[in-house]
Amino acid sequence: MEAILRAIEMSKIKNVVPRVVISNKPDALGLQKAIKMGIPTKIVYPSSRGWDYDKEIVSVLRDHMVSQQNGLVCLAGYMRIISPEFIKLYEGRILNVHPSLLPAFPGLHAQKQALEYGVKVSGCTVHFVDVGVDTGPIIAQKTIEIEDHDTEQTLSNRILVQEHELYIECINLFAQGRLSILGRKVCIKSY
């Protein structure tokens, strides 16, 4: 989240105005960073699940003018399943970044899964969110070679650098209107 906000601040991402940072954790570091950057924040406590919880998120998005027609919702460290109702409202407007080359190693501890499986290459994926867990149409991926000495932490750190770069690239593509979804395939229009 901080990398995205800094990229907007430095004009690496154009045509995007951050409206609100939402968290379910009042002590989330991202909230503090957003406040320092002058971005409104909101805590939505997880008092309910599914659509009941997501309705509160949608209300916050609407209050901050993140519309279903031209808004963009970027997930960063969001560890909750989004309800089908929320996804339908913002279909094609919710992005997520995942620390593996999807469809391999979805869900939690992707780097640990990759190391345990013994793959030689890993990386990250930016995708549109759908009703599955890390199953949405893939926008872009970046790869890194796994080194013999890698641990879950060292691999996570190296992938995180790639995640920040790739997410910013994909948000730019979205903001430029260059992404279209055809079934499971995301097409990137050239200039």
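The values are calculated or read from the model by the stated rules, or taken from the named source; none is laboratory data. For clarity, every value in this text was computed on a predicted model and none was experimentally measured. Every residue, glycine as well, gets a Cβ built from its backbone with ideal geometry; the counts of neighbours run over all protein chains shown.
Summary of values
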{"item": "Restricting the range 107-118 to residues that are of a type outside the set (S, T, N, Q) and out of contact with any strand residue (DSSP E or B) (no Cβ under 7 Å at 6 or more places or on another chain), the residue that is surrounded by the most Cβ atoms within 10 Å (Cβ to Cβ)", "result": "Leu115"}
{"item": "Odd one out for Lys142, checked against (1) assigned to a helix (DSSP H, G or I); (2) under 19 Å from Cys74 (Cα atoms)", "result": "(1)"}
{"item": "Residues being modelled with pLDDT of 95 or more, of a type outside the set (A, V, I, L, M) and either within 19 Å of Ala7 (Cα to Cα) or surrounded by fewer than 20 Cβ atoms within 10 Å (Cβ to Cβ) (or both) - total across the range 68-89", "result": "6"}
{"item": "Filtered residues of the range 119-135 (kept if of a type in the set (A, V, I, L, M, F, W, C), in a strand (DSSP E or B) and crowded, with 18+ Cβ neighbours inside 10 Å)", "result": "Cys124, Val126, Phe128"}
{"item": "Qualifying positions in the range 16-52 - over 18 Å from Leu72 (Cα atoms), among the basic types (Lys, Arg), in a loop (DSSP other than H, G, I, E, B) and touching a helix residue (DSSP H, G or I) at 6+ places or on another chain (Cβ under 9 Å)", "result": "Lys25"}
{"item": "Within the range 90-106, tally of residues that are closer than 16 Å to Glu152 by Cα, buried (at least 17 other Cβ atoms within 10 Å of the Cβ), without any contact (Cβ under 8 Å) to a residue 60 or more places away in the chain and not small (Gly, Ala, Ser)", "result": "3"}
{"item": "Residues of the range 145-191 satisfying the condition of being of a type in the set (S, T, N, Q) and not in a helix (DSSP H, G or I)", "result": "Thr151, Gln176, Ser180, Ser190"}
